[in-house]
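Written below as structure tokens is the structure these notes are about.
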Amino acid sequence: HSQFSAPATPGLTPRQSFYAPHQPSPRVSSAPEPCVVDSTAYFIRDGESSREVLIFGDVEPDSISLSPRNRLVWQEAARKIAHGLLGGIFIESSYDDSQADAILFGHLNPRHLVAELQTLATLVAEAKAARAFEKSARKRKRSGPNGLDAVARHAVGESERKRSRSAAGRSVTKDTRRGSLPDHSMSDVGISSPGLDADRNPMDTPTGPMSPKTAGREAGLASSASGGAVGRDLPLHGIKVVIIHIKDTLKDGPHVSSNILADLRDHEARLQQQGQGLGCEFIISKSGESYWF
């Protein structure tokens, strides 16, 4: 096979070459390298809410790429989704599913986009399981024999025992005073005292209606609790996938974006029937629109 000499160091004359004249120039093989075009993916963060979106450039599927690298991005995205930070993904689907793999030219169509999102969904499930395990481990550490919870329970127990002894002493004193009163005044003695009222749990006292802010928060918690069962098995539940970089076919009939959205929804319906649904919301981007994440 043909071989080529390594080029000289830039900025040096031939006599000042990095390699000494008496040393043979190293040979490099002409073995072909993967012919790929590099692209970029950005995580954009809002400073106020710490919420993020992921924006891709041109993307080809890992399944047919000569240099698959999308998984590296999905691993970082999965960690952010598991922590509730990532709310949306802007990613291309240049063609509908009628485009053959041989003429994708480094782009995605719905079947490959869904396959990429399945990779993300698997990584999200793993990240959430790891996070739940970490929380459980911290909880067990706190509730151990020498943990903070055990110390707190011991302190509360001591306080309750002291309070019980104090209440018993007050009861004996009241009975002694009550026995020394005349019979005709027994009906005038109250059965409650400020001391006992002070021991009453404040949480037992009826409260007024909640403020709108509190009521809204309670309603939100109830809503999230009811929705948790829906999204429990859908790793990408709550994630918006905005489709960008759609190539117009310039043909009559439905716009290619309508076909792309229909293909994506068909794939999601099939996955849900198999118990492997993604749970994300597919949105076709349009000029001038704004999105809330």
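Quick note: the coordinates plus some simple rules give every number you see, no bench work behind them. All values reported here derive from a predicted model rather than from experimental measurement. Here the Cβ positions follow ideal geometry from the backbone for every residue, glycine too, while neighbour counts run over all protein chains shown.
What's the local net charge at ILE283, with K and R +1, D and E -1, over the other residues with C-beta under 15 Å away?
Net local charge, ILE283 excluded: -2.
Cα-Cα over 18 Å: which of LYS247/LYS286; LYS135/LYS240; LYS80/LYS128?
LYS135/LYS240
Using θ = phi - 60° and the Karplus relation 6.51 cos²θ - 1.76 cosθ + 1.60, list the HN-Hα couplings for the stretch 90-99 in order, rounded to whole Hz, with x at every Gly or Pro.
With the stated coefficients, the stretch 90-99 comes to 9, 8, 7, 8, 5, 10, 8, 6, 6, 7 Hz.
Highest mean first, how do 53-59, 245-251 rank when packing is the count of other Cβ atoms within 10 Å averaged over residues?
Packing order, densest peptide first, comes out as 53-59, 245-251.
Using alpha carbons only, what's the Rg to Rh ratio of the stretch 66-107 with Rh from Kirkwood?
Computed over Cα atoms, the ratio is 1.09.
What is the spin-label model distance, in nm, from ASP38 to ASP252 if the labels are put 7 Å beyond Cα along the C-beta direction?
Between ASP38 and ASP252, the simple spin-label model gives 4.7 nm.
For the stretch 48-135, with equal point scatterers placed on the C-alpha atoms only and solvent neglected, what are the log10 I(q)/I(0) values from the Debye formula at q = 0.12, 0.16, 0.23, 0.24 1/Å, to two decimals?
These q points yield log10 I(q)/I(0) values of -0.41, -0.67, -1.12, -1.18.
Size of the dipole of the stretch 30-113 about the Cα centre, Lys and Arg at +1 and Asp and Glu at -1 on the beta carbon, nothing else charged, in debye to 20?
Magnitude of the dipole: close to 360 debye.
According to the Cα gyration tensor, what semi-axes, each the square root of 5 times an eigenvalue, does the equivalent ellipsoid of the stretch 235-284 have, listed from largest to smallest in whole Å?
Output for the stretch 235-284: semi-axes of 24, 13, 6 Å.
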